[in-house]
Amino acid sequence: MDALTVGYDVYEIRKQFPVLKRELKGKPLVYFDNAATSQKPQVVIDALVDYYSNYNANIHRGIHTLAEEATAAYESTREAARMFIGAGSVEEIIFTRGTTEGINLVTNTWGRANIRRGDEIIISTLEHHSNIVPWQMLAEEKGAIIRVIPITENGEIQLDEYYKLLNEKTKIVSIVHASNSLGVVNPVKQVIDAAHRTGALVMIDGAQSTVHLDIDVTALDCDFFAFSSHKLYGPTGVGVLYAKKEILEAMPPFHGGGEMIKEVSFEKTTYNDLPYKFEAGTPNIADTVAMKAAFEFINSIGKENIRRHENDLLRYGTELLKNIKGVHIKGDVEEKVSVISFVVDNIHPQDLGILLDNQGIAVRTGSHCTMPLMQCLKINGTTRASFAAYNTREEIDKLAKGLEKAIKMLS
Ligand code: PMP
């Protein structure tokens, strides 16, 4: 069934993920916590081992062979990342520790240089804490004001309300592309175009969208775009911040240190060219190198094929879960990535999570780092099942059965 619906053999894909052979509490692992972090294919693990086994060296500085090989591998990931998100130039690709660091880089550099007392920063109700707190810290420091786009009860942003928030004081709009808590995909192109018409910049939090959707930052015309490798089958501890070249050129650096400079004297330092101006110190070379293997893994299956497969899982799972008495799906909308977030009448998500874990099913429970969203929805949290390229309908059947069993036990 799965193999027929998806355009690739999901069971062949599963073989490439060593952890999927694991058992949990005597049952085959069903891993549905992909929105928190995805599992890693053997090619990504091999790339890490190969780097440390064969050409570990510090980059950019050495003239010896290992340093040249490590530098070439590191820089070839930058080109792969550029292509993966449709950026115009590798100068616009900054390696970071992940989405969180990408957003903090923007608030600390562009933000500190450009935000003044009374300026307005727009975010949405759907944001992850990492796209709220850095802006709050900046706003507090500068005396700026945070405005929040409201959502409907289905978790869709209210565009008409957003348009009303935009005014000449708006300096930046920072918004999540796909919600980690609900899976809802925001109409970011409309958000960006409207912001630009009023002269504001736009930052997109691509932590959840980059693995599922085709990303073309040039066509989107966003000013900043951040994502993390670990949510797209790559290693933890590395990610990308994209920003338009002219904006990066005008921005002050983030961290000071080696690599980000051209010349240093005690009187004066000149900064390096892009993108190195924003990459102080020895970076996470191994994980950056292995991130390229993750891009290649996704490209080898094809994002379109993965999306078709995940949409099939999403539709199938939504129907199954909806029909279980007491289960209510949050964010059950047309435009979403493969996340099913739900509450169950009179049952705490954490209790549910523990009983599902006992059945070998890994889901996430709680507020998913979106406490303001939970407050808006008037719930204390959800249980979230999020799907990846390697998940199957059979696993969703297990979730549905496991859920029924857990609900019976807890009722
Ligand atoms: N934004 C969203 C929407 C996320 O889902 C996450 C990760 N849960 C982040 C930002 C932060 O990403 P990271 O922890 O990889 O920096």
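The values are calculated or read from the model by the stated rules, or taken from the named source; none is laboratory data. These numbers were taken from a predicted model, which means no experiment stands behind them. All Cβ positions, glycine included, derive from the backbone under ideal geometry; neighbour counts span all protein chains shown. Remember, those area values only see protein heavy atoms, side chains included, never the ligands or the DNA or RNA. Shrake-Rupley method; radii C 1.70, N 1.55, O 1.52, S 1.80 Å.
Observations, loosely collected:
- Percent accessible area from carbon and sulfur atoms, the chain, protein chains only, probe 1.4 Å: 52 percent
- By accessible area with a 1.4 Å probe, ligands and nucleic acids excluded, highest first: order of Lys277, Lys401: Lys401, Lys277
- Summary of packing: across the peptides 379-385, 292-298, 194-200, the per-residue average of other C-beta atoms within 10 Å ranks them, highest first, as 379-385, 292-298, 194-200.
- Modelled FRET efficiency - R0 35 Å, Ser265 with Asn58, Cβ distances, 0.05 increments: 0.90
- Here's how it looks for Leu24: its modeled amide H is under 5 Å from those of Leu29, which are all 5 or more places away or on a different chain.
- Taking a ≥ b ≥ c as the square roots of the Cα gyration tensor eigenvalues, the chain comes out oblate, since a/c reaches at least 1.5 and a/b does not exceed b/c.
- Residues Glu335 and Ala113, FRET efficiency given R0 of 56 Å [Cβ-Cβ distance, rounded to 0.05]: 0.95
- Sorting 246-257, 214-225, 144-155 by average packing, meaning the other beta carbons within 10 Å per residue, from highest down gives 214-225, 144-155, 246-257.
- Once all protein chains are placed together, Leu320 keeps about 60 Å² accessible to a 1.4 angstrom probe.
- For the chain, the solvent-accessible area of protein heavy atoms averages 42 Å² per residue (probe radius 1.4 Å; ligands and nucleic acids excluded).
- For the chain, averaging the sequence separation of C-alpha pairs within contact (under 8 Å, six or more residues apart) and dividing by the residue count gives a relative contact order of 23 percent.
- Each Lys or Arg adds one and each Asp or Glu takes one away; over the other residues whose Cβ falls under 9 Å from the Cβ of Ala385, this sums to +1.
- For Lys378, the lysines whose Cα comes closer than 16 Å to its Cα, not counting residues fewer than 8 places off in the same chain, are Lys330.
- Of His64, Leu352, Leu126, farthest towards positive along the dipole that unit charges on Lys, Arg, Asp, Glu beta carbons give the chain: Leu352
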